[in-house]
Amino acid sequence: MKIKVCGITRPEDLEALVALGADYAGFIFYGKSPRFAGNKLDGRTVREKGKHIGKVGVFVNADAQQVLQTVKDYGLDMIQLHGHESIALCEQLRATVPVMKVFHVDEKGYGQASSFREVSDYFLFDTASADYGGTGRQFNWELLKDYRLDQPFFLSGGIGPDDVEALLQWRHEKLFAVDVNSRFETAPGVKDMEKVAAFIKQLKQNIKK
Ligand SMILES: O=C(O)c1ccccc1NCC(=O)[C@H](O)[C@H](O)COP(=O)(O)O
């Protein structure tokens with residue numbers, strides 16, 4: 001199982017993630033997020049310090065030009081579309097960069113994921129919220145048990161330091177990565193690297209695939 005740590009806003013946190021062997025770092029390019037990276041990290045820093053980690057840019061209802069310029073500036077390896085982006089926009093962007101479309105999970109299911117299967121490389125499943133993401137709240141993972149699409153998914157939403165055992169127990173053949181964020185912070189955008197280190201170590205040491 002891969003690990004993505006989202007909401008990185010400090011060069012030292014990016015460096016630490018690389019040293020810890022995290023698979024992906026997430027950078028939020030959504031101005032209303034308290035984890036907005038656009039005014040705290042410049043492209044050169046991210047490209048240089050993030051050479052050995054997958055760099056994922058998180059966008060919410062941004063237009064194609066803004067996304068593509070950011071992909072170029074920051075050397076992003078994948079984009080995470082966390083808002084109400086259309087199938088057409090995903091298709092357009094995917095011609096340049098791999099796309100991970102986000103769906104919010106509730107009792108009704110996991111949104112329109114099946115309609116986006118031709119235009120997404122991955123899905124990310126997060127907790128439903130008006131703020132889009134970073135809620136620190138978990139959804140019931142069992143709601144994904146009937147997920148049968150081809151796309152591998154990132155499991156997200158309120159995953160915290162105490163969830164290692166539950167993650168190791170929970171099995172789904174399409175579970176590709178776990179995404180963590182606000183439960184590993186001392187303040188929004190400031191990661192608690194001791195907690196992140198312990199989480200990565202425990203998960204990587206015990207995971208079977
Ligand atoms: O984290 C944010 O502030 C955020 C705001 C708006 C859109 C997305 C955002 N985060 C994207 C992520 O991928 C988070 O890791 C995901 O929502 C889970 O966050 P958390 O519940 O805090 O673990």
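Derivation of every value follows stated rules applied to the coordinates shown; laboratory data play no part. This one's a predicted model, so the numbers in the text were calculated from it and none came from an experiment. Note: ideal-geometry Cβ built from the backbone for every residue, glycine included; neighbour counts use all protein chains shown.
Taking amide hydrogens as placed 1.01 Å from N in the peptide plane, the amide H of LYS2 sits under 5 Å from those of ALA177, VAL178, each at least 5 positions away in sequence or on another chain. Residues whose amide H lies under 5 Å from that of ASP192, counting only those 5 or more places away or on a different chain, are GLU185, THR186; hydrogens are built 1.01 Å from N in the peptide plane.
Between amide H atoms placed 1.01 Å from N, distances below 5 Å from VAL58 occur with PHE27, ILE28, PHE29, GLN80, all of them 5 or more places distant or on a separate chain. In terms of overall dimensions, region 94-166 has a Cα radius of gyration and Dmax of 12.6, 39 angstrom.
Taking only complete DSSP H runs, can you tell me which helices of the chain stretch 18 Å or more along their own long axis by Cα positions and average at least 1.6 on the Kyte-Doolittle scale?
Long hydrophobic helices here: none detected.
In a simple Cβ point-charge model (Lys, Arg +1; Asp, Glu -1; nothing else charged), the chain has a dipole of about 400 debye relative to its Cα centre. Which whole-number percent is the relative contact order of the chain (Cα, under 8 Å, 6+ apart)? Reported relative contact order: 20 percent. With a threshold of 26 Å on the Cα-Cα distance, the over-threshold entries among LYS145/LYS195; LYS32/LYS201; LYS51/LYS191 are LYS145/LYS195; LYS32/LYS201.
Using the crude model of +1 on Lys and Arg Cβ and -1 on Asp and Glu Cβ, and no other charge, please compute the dipole size for region 50-147 relative to its Cα centre, in debye to 20.
260
Expressed as a whole percent, the proportion of Cα-Cα pairs in the chain lying more than 22 Å apart is 45%.
Here the Karplus curve 6.51 cos²θ - 1.76 cosθ + 1.60, taken at θ = phi - 60°, turns the phi angles of region 126-135 into couplings of 10, 6, 5, 6, 5, 8, 6, x, x, 7 Hz, with x standing for Gly and Pro. At a Förster distance of 41 Å, what's the computed FRET efficiency of ARG137 paired with ARG94, Cβ-Cβ distance as r, to 0.05? Calculated transfer efficiency: 0.90. Each residue of region 156-161 was assigned a 3J(HN,Hα) from its phi angle through the Karplus curve 6.51 cos²θ - 1.76 cosθ + 1.60 (θ = phi - 60°); the sequence is 9, x, x, 6, x, x Hz, with glycine and proline shown as x. Label-to-label distance for GLU118 and LYS145 is 3.2 nm, based on points extended 7 Å past Cα in the beta-carbon direction.
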